[in-house]
Amino acid sequence: MKHLPKHLRPRWRYLVVGLEAWPDADISRGPFQREVWYAAQNLLGDPGSADADLTVVRFRFEEGTGAAVVRARHGEVERGRAALACVDAVDGHPVGMRVRGVSGTIRAGEESYLGDAGGFGDESTVELANDGATGTGRRRRDGAVDVSTPSGYVGATDRDTSRPGRSDPADDAASDDN
Amino acid sequence: MTATHPGPYEAAYAHPDGDATAARLAQTARRYGYDGLVIRTREADVDAGALRERYDVDVVPAVEVVAGEPSSASGAVGNFRPDFPLVLVRGGTDALNRFAVEQDRIDVLAAPLSGEGGFNHVLAKAAATHGTRVEFDLGSALRESGGQRVRALKGLRKLREIVGYYDAPYVVSARPTSHLELRSPRELVAVGSQLGFEEAWLRAGLAEWGRLAARNRRRRSAEFISPGVRVDRCEEDDR
């Protein structure tokens, strides 16, 4: 079909979304898009969901961290933001999400808000300082550590964890000074 | 942010009640734009000073008393009041809700509409008199679905009408149990707006945690005698 004349084409805004999940979560674009639509439909209803027209146009997720660019109609950004906030799990994996920024073009959004790649730096057995549970800890670049304990994952930071027999949290903290 | 206009605070559950440690919650809260974080879990053993220095977030150790009936809640409140700047009581039954709003020493009635609990004009008036903040739980709007969510939203609306009419004090929280359940203040405001809340009203509710914490810290300091009376240094002229 012939393209619409420019003044009749919908105007879009692009919400750049930061995503986070436990290390074992494997999240792909299709299920994420489905959850976004569900969330929009449940919160805004069919008419509101159609108005906001939330479409995932860019998606990247690996090793517990990801980002997406979600398109929303101009003037529907706040409703889109509300719907996105209600996405609490994808394929049964709990996800944390936050709108990092909104921009008028995909490229501007990517350049301004898609900086850090995330991913895990190293993996080792760590001990949680608070209750002494040990497990495999996967450390992210920003100092966050996801510890796999018998009762499930615990989100910690390198301040909370120590490697048994090697160091205590105070030693880990000291390395932050330089 | 100045002391009189604190920024948004969130009140979360830390490990072992939740799935993230206080430090991880503080780190995420800072990234999401919160000025402060209340830790509802007594067992979390929070080193607020260290976390504040490291993540630049005002971490407030608190206790959320979960009890079956007012008499046991009363004992717990008495035990924890001296040690924590914030004391919350989780509602859930009519008796507990009533008990919480009629006590000056309780700061927040948490989740008043959870379980069997109800809320009415009598409780709102008592909350206004005794200064107990009534919590608006946006968590069910974020994480529940279907009939449970509809019931929760219905409850929020009713609570808003009653609390608004009597001008009772309130706080707003999403009650996150991990860093993944945290949502930024802007997201909470966007969701709240869809539920019929006003933006300024929501932001005031998020900031109220910080105001409460600051007030209680002042009261716990050695200079405080009673409201309006405090020990001050001598003015130079008096010497």
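The values are calculated or read from the model by the stated rules, or taken from the named source; none is laboratory data. No experiment lies behind these values; they were computed from the predicted model shown. Note that we place each Cβ from the backbone using ideal geometry, even for glycine, and neighbour counts take in every protein chain shown.
Scanning region B:125-133 turns up one or more residues that are away from every other protein chain (no Cβ under 14 Å) and closer than 23 Å to B:ALA14 by Cβ.
When the residues of region B:164-211 are filtered to those that are without any contact (Cβ under 8 Å) to a residue 40 or more places away in the chain and among the β-branched types (Val, Ile, Thr), the one that is farthest from B:ASP58 (Cα to Cα) is B:VAL189. Within region B:127-138, the set of residues being surrounded by fewer than 20 Cβ atoms within 10 Å (Cβ to Cβ) and part of a helix (DSSP H, G or I) comprises B:ALA128, B:THR129, B:HIS130. Picking from residues in region A:92-110 that are assigned to a helix (DSSP H, G or I) and charged (D, E, K, R), the one that is nearest to A:ASP26 (Cα to Cα) is A:GLU110. Taking every residue in region B:21-42 that is over 23 Å from B:ARG90 (Cα atoms) and pairing it with any residue that is at pLDDT 95 or above and of a type in the set (Ser, Thr, Tyr), at least 6 positions away or on another chain, the pairs with Cβ-Cβ distances below 7 Å are B:TYR32/B:SER184; B:GLY33/B:SER184; B:TYR34/B:TYR9; B:ASP35/B:TYR9. Quick check on region B:16-50: of everything there that is among the hydroxyl-bearing types (Ser, Thr, Tyr) and at the interface with chain A (Cβ under 10 Å from one of its Cβ atoms), which residue is surrounded by the fewest Cβ atoms within 10 Å (Cβ to Cβ)? Restricting to residues being among the hydroxyl-bearing types (Ser, Thr, Tyr) and at the interface with chain A (Cβ under 10 Å from one of its Cβ atoms), the top hit is B:TYR32. Only residues that are surrounded by 15 or more Cβ atoms within 10 Å (Cβ to Cβ) and not in a strand (DSSP E or B) were counted in region B:51-62, giving 5. Just one of the listed residues (A:ARG79, A:ARG13) is among the charged types (D, E, K, R), within 14 Å of chain B (Cβ to nearest Cβ) and either in contact with a Cys (Cβ under 8 Å, 6 or more places away or on another chain) or not in a strand (DSSP E or B) (or both), namely A:ARG79. When every residue of region B:72-85 is checked against the conditions, none turns out to be out of contact with any Asp or Glu (no Cβ under 6 Å at 6 or more places or on another chain), among the acidic types (Asp, Glu) and buried (at least 21 other Cβ atoms within 10 Å of the Cβ). Could you tell me whether region A:15-26 includes any residue that is touching a strand residue (DSSP E or B) at 6+ places or on another chain (Cβ under 6 Å), closer than 30 Å to A:SER148 by Cβ and aromatic (Phe, Trp, Tyr)? Taking every residue of region A:15-26 in turn, at least one turns out to be touching a strand residue (DSSP E or B) at 6+ places or on another chain (Cβ under 6 Å), closer than 30 Å to A:SER148 by Cβ and aromatic (Phe, Trp, Tyr). Taken residue by residue, region A:105-120 has at least one member that is more than 11 Å from chain B (Cβ to nearest Cβ), at pLDDT 90 or above and surrounded by 15 or more Cβ atoms within 10 Å (Cβ to Cβ). For the residues B:GLY115, B:GLY147, the requirement of being surrounded by fewer than 22 Cβ atoms within 10 Å (Cβ to Cβ) and either under 14 Å from the mean Cα position of the chain (by Cα) or part of a loop (DSSP other than H, G, I, E, B) (or both) singles out B:GLY115.
Does B:ARG183 satisfy the condition of being among the charged types (D, E, K, R), in a helix (DSSP H, G or I) and within 14 Å of chain A (Cβ to nearest Cβ)? Spelling it out, it is not the case that B:ARG183 is among the charged types (D, E, K, R), in a helix (DSSP H, G or I) and within 14 Å of chain A (Cβ to nearest Cβ). Within the set B:ARG175, B:ARG149, B:ARG157, the sole residue that is over 25 Å from B:ARG98 (Cβ atoms) and either within 14 Å of another protein chain (Cβ to nearest Cβ) or out of contact with any strand residue (DSSP E or B) (no Cβ under 7 Å at 6 or more places or on another chain) (or both) turns out to be B:ARG149. Say whether the condition of being in contact with a strand residue (DSSP E or B) (Cβ under 9 Å, 6 or more places away or on another chain), hydrophobic (A, V, I, L, M, F, W, C), more than 14 Å from chain B (Cβ to nearest Cβ) and farther than 22 Å from B:ARG31 by Cβ is met by at least one residue in region A:41-51. No, the conditions are met nowhere in region A:41-51. Hey, among the residues in region B:1-15 that are more than 10 Å from chain A (Cβ to nearest Cβ) and buried (at least 24 other Cβ atoms within 10 Å of the Cβ), which one's nearest to B:VAL189 (Cα to Cα)? Among them, the one singled out is B:PRO8. Among the residues of region B:193-235, the one identified as of a type in the set (Asp, Glu), exposed (fewer than 14 other Cβ atoms within 10 Å of the Cβ) and either touching a His at 6+ places or on another chain (Cβ under 6 Å) or assigned to a helix (DSSP H, G or I) (or both) is B:GLU199.
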